[in-house]
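Note sheet for the following structure.
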Amino acid sequence: MDILNFISWIKGGRVVTSVDSTQTLIPVGLKDNRRDDGYLAGAITVQDLAAQIGSGAIPVLNTYPVTTPSEAGNTFLYRGNEWHYMTQAEIDSIGWTGLVSVGFPAPVSKVYENTIIYVGTDIPATDIRFTQGASNVPTIPLDRFNKIFTIDFLGLGNPTKYAVTAGLYTPQGTQTVTFRNVQLLAGLRDLGTSLSITYQFAGLTAQVLNDFFTALPPTTFTVTLNFQFNPGSATCTPSIATSKGYTVIV
Amino acid sequence: MKIFSIAIGEQYELESERLKRTVSNEIEVFTKLNNKYIQVNQDPLIDGLWHKCNFANYINEAEGAVIFMDADMFTLTENPFSSFIVEETTDFAYVPYTGKWHLPDTIRQEAFNYHGHKINSGFMYFKNLDIAKTICNQWQWEYLEREKLYDEDKGTSKHEYDEWALMIALMKLNYKIEVLDSKWNEWEFKTKFEIEESDSIFFQSHDFLNIDKITNI
């Protein structure tokens, strides 16, 4: 077979768009060092070749996908980072058992982005927010007060990033909030005059605030936490955080 | 009345031009081009803040009160100072931050407890130039003392800015202090809508640089 034969097949109208992959052969050069040219002509079925190559490239997604159990263990690219659909073992290993389902899309590494995931009784697990600066303020919509939800800091642990987050502005009502993975907030530091965390009017109780302060890692940066105008602001114990280097406004 | 501002660096110089455009009163702005400018620190943030702390020493003469305004302030109000008033006995006045602050160190905690709030140094009234210079002399000294402590490994950094030094300085001076309404320095508003809907007189933002005198943003 040479290139002229190949061209003549095309001219003869023998270009196809689908084949029986079990019956169709593709010519291949099999490495054979006994030959002068080093290769022996051979064939492989389309089915066998496809299985050997696999899908190859990681799919690039433009929108954040929904939980897809059948994709568990597979990866994809989103916002320039590698994510994966979590397996049950991965979910269990980071303490998210019961919080997300198999196939939940999560960053491969927890240190990729300033990612926050809200999960609540009426908030879909796909409600994911990114905070990459003070200008991007995630807020809970006004109809989401008096609810039970969890805020998981997926990727705020990157010590090389400023990690400014703000939000949870709710004009009234109380929230039953659980903060998870607060210990990942090792990269917090004030960005200019922007405070590291501002959770005002967030319906946070003193117990929630104290649990947050307790879970924070020690810091040597200038980190200011603004928890004004919460039900627990006046009765929480800021010294839990200040003893670890934080400034707390209540 | 003398209105003064400090603009060390290109961004602040741009912002000070907006301040001058939007305020009908004459405003004097100190920049690096002033022959009294000397670089006191290689870090531009520390350098600029020290000059702010020392601002009154760049004023040759002032009749009556001295007002200091941060370069990134602006107003949408015509004749903004027409309603400005302090008590006759007041030596120094400022706009406070809200909230009770809990600090990781005793020096700043004592300063907060003394004043009862954190001072915002964006808009300040001084009864006269002598008082302004006295406060600035102590303020710039305290700022340099704070700067000696800047070591992230020890939990302090330049990002505390100039205000704690001012609060510590005022603790050592016996002046009559007055707290101003937040309308004289509304620094929390971030959006065009918030600013346009507000009754506040002065705003502080690094955004909206293109506004002109008393026009919509």
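The values are calculated or read from the model by the stated rules, or taken from the named source; none is laboratory data. Because the structure is predicted, anything quoted here is derived from the model rather than measured. Counting neighbours? That spans all protein chains shown, and the Cβs are built from the backbone with ideal geometry, glycine included.
Quick notes on this structure:
- Complete set of residues in the stretch B:5-36 that are hydrophobic (A, V, I, L, M, F, W, C) and surrounded by fewer than 16 Cβ atoms within 10 Å (Cβ to Cβ): B:LEU14, B:LEU33
- None of A:LEU99, A:LEU49, A:LEU61 is modelled with pLDDT of 80 or more and either among the hydrophobic types (A, V, I, L, M, F, W, C) or surrounded by 10 or more Cβ atoms within 10 Å (Cβ to Cβ) (or both) except A:LEU61.
- Qualifying residue in the stretch B:139-146 (condition: in contact (Cβ under 8 Å) with a residue 40 or more places away in the chain, under 29 Å from B:THR75 (Cα atoms) and within 14 Å of chain A (Cβ to nearest Cβ)): no
- Hits in the stretch A:102-117 - residues which are modelled with pLDDT of 80 or more and either surrounded by fewer than 18 Cβ atoms within 10 Å (Cβ to Cβ) or assigned to a loop (DSSP other than H, G, I, E, B) (or both): A:VAL102, A:GLY103, A:PHE104
- Residue count for the stretch A:202-230 under the criterion of being over 15 Å from A:VAL248 (Cβ atoms) and surrounded by 18 or more Cβ atoms within 10 Å (Cβ to Cβ): the result is 2.
For every residue, the table says whether it meets (1) at the interface with another protein chain (Cβ under 9 Å from one of its Cβ atoms); (2) modelled with pLDDT of 90 or more; (3) closer than 24 Å to B:LYS158 by Cα; (4) not in a helix (DSSP H, G or I).
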| residue | (1), (2), (3), (4) |
| --- | --- |
| A:PHE201 | no, no, no, yes |
| A:ASN210 | no, yes, no, no |
| A:PRO217 | no, no, yes, yes |
| A:THR220 | yes, no, yes, yes |
| A:SER233 | yes, yes, no, yes |
| A:ALA241 | yes, yes, yes, no |
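- Pairing residues of the stretch A:182-206 that are aromatic (Phe, Trp, Tyr) with residues that are surrounded by fewer than 18 Cβ atoms within 10 Å (Cβ to Cβ), at Cβ distances under 6 Å and at least 6 apart in sequence or on separate chains, gives A:PHE201/A:TYR169; A:PHE201/A:PHE229.
- Summed over the stretch B:131-161, the residues that are part of a helix (DSSP H, G or I) and in contact with a helix residue (DSSP H, G or I) (Cβ under 9 Å, 6 or more places away or on another chain) give a count of 20.
- Residue, farthest from the chain's Cα centre (by Cα), within the stretch B:91-122, restricted to residues that are in a strand (DSSP E or B), within 13 Å of another protein chain (Cβ to nearest Cβ) and farther than 23 Å from B:LEU149 by Cα: B:PRO96
- Some residue of the stretch A:179-196 being surrounded by fewer than 19 Cβ atoms within 10 Å (Cβ to Cβ), of a type in the set (S, T, N, Q), in contact with a Leu (Cβ under 9 Å, 6 or more places away or on another chain) and more than 12 Å from chain B (Cβ to nearest Cβ): yes
- Restricting attention to the stretch B:37-89, the residues that are charged (D, E, K, R), touching a residue at least 60 places away in the same chain (Cβ under 8 Å) and surrounded by fewer than 22 Cβ atoms within 10 Å (Cβ to Cβ) add up to 5.
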